1. May I ask you to give the solvent-accessible area per residue for segment B:140-270, in square angstrom, as obtained with a 1.4 angstrom probe?
2. Toward the positive end of the charge dipole of the protein assembly as shown, about the Cα centre and with charges on Cβ (Lys, Arg +1; Asp, Glu -1), which of A:Pro129, A:Ser377, B:Val26 goes farthest?
3. Could you run the Karplus curve 6.51 cos²θ - 1.76 cosθ + 1.60 with θ = phi - 60° over segment A:322-337 and give me ³J(HN,Hα) per residue in whole Hz, x for Gly and Pro?
4. Could you pull the copy-to-copy label distances for A:Arg24, with points set 7 Å along Cα to Cβ, in nm to one decimal and sorted shortest first?
5. Counting only protein heavy atoms and a 1.4 Å probe, tell me what percentage of segment A:54-142's accessible area is made up of carbon and sulfur.
6. What nm distances, shortest first, do you get from the label point of A:Arg258 to those in the other copies when the point sits 7 angstrom along Cα to Cβ?
7. Under a Cβ-only charge scheme (Lys and Arg +1, Asp and Glu -1), can you give me the dipole magnitude of segment A:101-251 about the Cα centre, in debye to the nearest 20?
8. Determine the total buried accessible area between chain A and chain B, counting protein heavy atoms only with a 1.4 Å probe; round to the nearest 100 Å².
There are 2 protein chains.
Amino acid sequence: WGKITSPIKDLASDAKKLAKDDPRRVIHALKVGLAITIVSLFYYFDHLYDGFGVNAMWAVMTVVVVFEFSVGATLGRSVNRGISTLLAGGLGFGAHHLANLSGENFEPVFLGLFVFIIAGFVTFLRFIPKLKARYDYGLLIFILTFCLISVSGYRDDEVLNMAHKRLSTVLIGGSTALAICILVCPVWAGEDLHNRVANNIDKLGTFLEGFGGEYFKTSGSENKEKKAAMEGYKSVLSTKSTDETLANFAKWEPRYGRFKYRHPWDQYLKIEAHVQECAYRIDALNTHLNSELKISNEIREKLQEPCKKVSMECGMALKELASTIDSMTTTPNVDIHTANAKSTAKILKNMLKLSSWKDNDNNLDLPEIIQVAGVVSLLLEILNCTLKIGDSVSE
Amino acid sequence: WGKITSPIKDLASDAKKLAKDDPRRVIHALKVGLAITIVSLFYYFDHLYDGFGVNAMWAVMTVVVVFEFSVGATLGRSVNRGISTLLAGGLGFGAHHLANLSGENFEPVFLGLFVFIIAGFVTFLRFIPKLKARYDYGLLIFILTFCLISVSGYRDDEVLNMAHKRLSTVLIGGSTALAICILVCPVWAGEDLHNRVANNIDKLGTFLEGFGGEYFKTSGSENKEKKAAMEGYKSVLSTKSTDETLANFAKWEPRYGRFKYRHPWDQYLKIEAHVQECAYRIDALNTHLNSELKISNEIREKLQEPCKKVSMECGMALKELASTIDSMTTTPNVDIHTANAKSTAKILKNMLKLSSWKDNDNNLDLPEIIQVAGVVSLLLEILNCTLKIGDSVSE
């Protein structure tokens, strides 16, 4: 019995967490329920008065498959479905008519041939990345509608009537879904992407702000909460595919709020590429944080301050960049922090060049220096990434 | 005019490349064409004899939406669709019956309530990651079938008849799709995942084998071909989401060829996690490769050999691991290479500890050492990753 109840309990606690993390999910579920109820009742009453007949169910189907979490995704699917149904309906009617002309015996042969060619060709088109990203669903619906219309086996006028009814019900379903999606607490993919980018940069900033203190700390005390906050950067490592999906959805969205139509969504992807690069470096830094090697007092004394400062200033610059994106305004603070980081990095480099190391060369342990040097070189690279992020944000 | 033709030309050349890269895509398109033609003709002739009536179109729909590139994906969608149709059909019939009992006036109210609750609840379930990964499509079909059956507005016996016909046609469509998917040149998601993992490890190996020579090279000559091969590791950086999708598909697949049923697909994901970690380090190494800093002869003389050796041995170990995975046999060569790499790493560490640096300390440039030290510490980390990959492969 426990075998059945325990996974259900797990699911319930997962569900609770999901609802808490993002209450928009619950609202989304209610919105879908509402939209489906509306078209279902339309279907129910239509049946009583025999308006669209069996075709009315296409309205229900459209809402179920078209209604997605964000406005962009819903709009993309609706437009895909509407246009595909129209085009494939026309082409299907043409094929049906053509096959009809060839006489009863050859009709199935021609129809089979048409269906084979169209289905095969369009299926192959779905592999092309450019088409797949934005029109995958439309291509699928194209195949479906073409087959259902062309092979239906009705007379020409019946087919026209059917295609017409189907298109109308798809429009009814699609517009219901869109109306509820946009009017009731809309979720904009573009806004999500925007916040996500700002959030990711902020996470990197948090790590860098904390890194110096953590790396050079003397006592062995663990601050678990701080460590967990610092490890937030890990989600940035694999952010790419979600970003791309969101950017594709965002492109479908009309102008709203602070975002202009044709907002440069692709620029976000460029920023994220730099952010991700920076995250890789931070991941390497994190390994140093967990290494066992103790740092001698001498090295600590010399390098602690500049290393801490570079890391801290980079972190602060990133946090400023995050809030710059968030508020869509520019602040001079970013430049101040990066300038500070740059000058400290210069000092750090010079410090290593100086012969200040030679006097007590005897107790100098090179592996230790190398360890710290690895950290330094990563920090310098992170500074570079930070500058790149800054550039791409200001674009 | 050029504005219209040039994107079409682009698409055509994309398509050509896709077909060349993986001819299975063309075969897939032909398979889909064949499957859809078969069920379309079934639909056509069924209409003539009025067997399943309008319900026959569900066979066509099922094939169109269920037929995916790999066997696992197709099987997953078919099973999802079949079971969901069955369950939702039963539940929908129950709801319909219940609403019927409540009398004509209250019927739409009850139906609306049922639909709202089920649609909202199931939509929310789709957010739960565990369910989303494997049953997302089934949950969607559940909502759809439940609405169409419960709200249909027919009499009980008509509804039963309809549900029965719909299930039969879904089965006909699903089994046609499955038969063609499995019998004609099947594409196994599990095999793809397997090859992908081996391939990714191989790419890392290629980079490491080439790295030593490239980093310490004296002439400025560029070997573009080699460089391109080395940069192959970049695709490994963002491999995670595709891996997860493939693993999910693979779990649906029955036993075939060299893979047992319940082959440990999750183990592949663990290996890939280590591979990805290693790829991040390699990405950091690659930055060093592109840096402007010249290496002095003294450092080159001292560090060239051990650095080259560690990199080379790691690369060879990874390549051995890749072919181990590929052939599913174990070779002792991996251990030999990792042992070599480990002992050289020890020498490298010792070398840095030795006071061999002190005599000509005067012309020793610390930034340069730091640069090289960064490389060394990355190499040591990569060695660690390699060992982890080795462990997880042998599991």
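1. 45
2. A:Ser377
3. In residue order, the calculated couplings are 4, 6, 4, 4, 4, 8, 6, 10, 9, 10, x, 4, 4, 4, 4, 5 Hz.
4. With the label placed 7 Å along Cα→Cβ, A:Arg24 yields 3.7 nm.
5. Whole-percent figure for carbon plus sulfur exposure: 74.
6. Label-point separations across copies, in nm and ascending: 5.5.
7. 380
8. For chain A against chain B, roughly 7400 Å² becomes buried.
The values are calculated or read from the model by the stated rules, or taken from the named source; none is laboratory data. Computed from a predicted model, the values in this text were never measured in an experiment. Cβ sites come from the backbone with ideal geometry, for glycine too, and all protein chains shown count toward neighbours. In case anyone asks, the SASA skips ligands and DNA or RNA and just uses the protein heavy atoms, side chains included. Shrake-Rupley method; radii C 1.70, N 1.55, O 1.52, S 1.80 Å.
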